[in-house]
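Notes for the one structure printed next.
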Amino acid sequence: MAKGFTIELSDIGKSYSQASRTQCIFNQLNLSIAEGELLVLLGRSGSGKSTLLNLIAGIDLPDHGRVTIGSTKLALLSEKERTLFRRRHIGFVFQSYNLIPTLTVRENLLLPLQLNRIDSSLHDRKIRSLLRNVGLEEREKDFPDQLSGGQQQRVAIARALVHEPEIVLADEPTGNLDLDTGREVLDLLDQCVRAAGKTLIMATHSQEVMGRADRVLTIRDQRLSADGIRHRSEANDVVTAGAVSPPVYGGK
Ligand code: ADP
Ligand code: MG
């Protein structure tokens, strides 16, 4: 049985068919992601970054091959079981924030707690702790459209972490933000996720993120390659997991 929440993709094939055309996205893709790893996925638009995140999340299934998370083989779960598994163990951060516009900041964070049936006596503490970590404790009652893009993304980071998932997937999380705001959001994501010991898989075009990553992989020609990219352990100026400041992410 695999330990913890390692992620294994074995011999993955994935194509999309539209009208008479079939497009192969992945062919015999293999990838192992360690628990607590920060993996960055690069690749041109259309190369398959979102597809790969969706396969890991079990939103999409491969045509062949296996995705295994911890000891769970996603293909053996029913659709409903996959939804429950994802809801419990995975947090998402999207390019366009995807907050629910008719809910306040607090209510947006409450949703993953309610969906996971987390004891309501813990809700307030968890929500406050996360909002404090992302610097938005004063904005609990605001609606998303009362916040800037960077602030909305910080709420989205809090939402992705509030139910304490083992894995966080971020799909171009700074794609809608200016450079400085994007940098702040990456700092926060990196800090929150590492302090909480989560695995983070991030698709991005941002050069900023590369120095922080444990591994950078590029999707090219339906495969993953690491060529020409410096591993974090080979860099001098990088933070190691143990050097992160005290946990800012709320406990149980
Ligand atoms: P990226 O995130 O790297 O920009 P995507 O994973 O979104 O790339 O898409 C990879 C390719 O697969 C694109 O050519 C896209 O059009 C195609 N694709 C993605 N999702 C679907 C789908 N549901 N149906 C058909 N084609 C799709
Ligand atoms: Mg994409």
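Pulled fully out, how much extra length does the chain show between Leu111 and Ala34, if you take 0.36 nm times their separation in residues and subtract their Cα-Cα distance?
Here the segment from Leu111 to Ala34 would lengthen by 24.9 nm.
May I ask you to compute the full-extension gain from Arg88 to Asn27, defined as 0.36 nm times their residue separation minus their alpha-carbon distance, rounded to one decimal in nm?
Taking 0.36 nm per residue and subtracting the Cα distance, the gain is 19.0 nm.
In terms of the Cα gyration tensor, with a ≥ b ≥ c the square roots of its eigenvalues, is the range 51-133 rounded because a/c is under 1.5, prolate because a/b exceeds b/c, or oblate?
prolate
Amide H to amide H under 5 Å from Leu42: which residues, 5+ apart in sequence or cross-chain, H placed 1.01 Å off N in plane?
Long-range HN contacts for Leu42: Leu217, Thr218, Ile219.
Taking a ≥ b ≥ c as the square roots of the eigenvalues of the Cα gyration tensor of the range 1-112, is the shape rounded (a/c under 1.5), prolate (a/b larger than b/c) or oblate? Working shown, then result.
Numbers: a/c = 1.69, a/b = 1.26, b/c = 1.34.
Because a/c hits 1.5 or more and a/b fails to exceed b/c, the range 1-112 counts as oblate.
Within the chain, how many lysine pairs that are 8 or more places apart, or on different chains, have C-alpha atoms less than 22 Å apart?
Lysine pairs meeting both conditions in the chain amount to 13.
Which residues does the label zone of Ser148 cover in the range 161-187, counting backbone N under 15 Å from a point 7 Å along Cα→Cβ?
Flagged as within label range: 176-187.
Specify the angular offset, from 0 to 90 degrees and rounded to the nearest 10, of the alpha carbon long axis of helix 149-161 from the longest principal axis of the alpha carbons in the chain.
So the inclination is approximately 80 degrees.
On a 0 to 90° scale, report how tilted helix 105-115 is relative to the longest principal axis of the chain, with both axes built from alpha carbons and the result rounded to the nearest 10.
60
How high is the FRET efficiency from Ser20 to Ala75, r the C-beta distance, R0 35 Å, rounded to 0.05?
Step by step, r from the Cβ atoms, then E = 0.80.
Can you give the charge dipole size of the chain about its Cα centre, rounded to the nearest 20 debye, using +1 on the beta carbon of Lys and Arg and -1 on the beta carbon of Asp and Glu?
600
Multiply the residue gap between Asn98 and Ser225 by 0.36 nm, knock off their C-alpha separation, and tell me the result in nm, one decimal place.
Taking Asn98 through Ser225 to full extension adds about 42.7 nm, to one decimal.
Which of the trypsin sites (Lys or Arg not before Pro) across the range 137-196 are loop residues per DSSP, with 15 or fewer other Cβ within 10 Å?
Lys141
The numbers here are math on the coordinates, done by the rules we state, and not lab data. Bear in mind that the values here come from a model prediction, so they are computed numbers and not experimental data. When we count neighbours, we look across all protein chains shown, and the Cβ atoms used for this are built from the backbone with ideal geometry, even at glycine.
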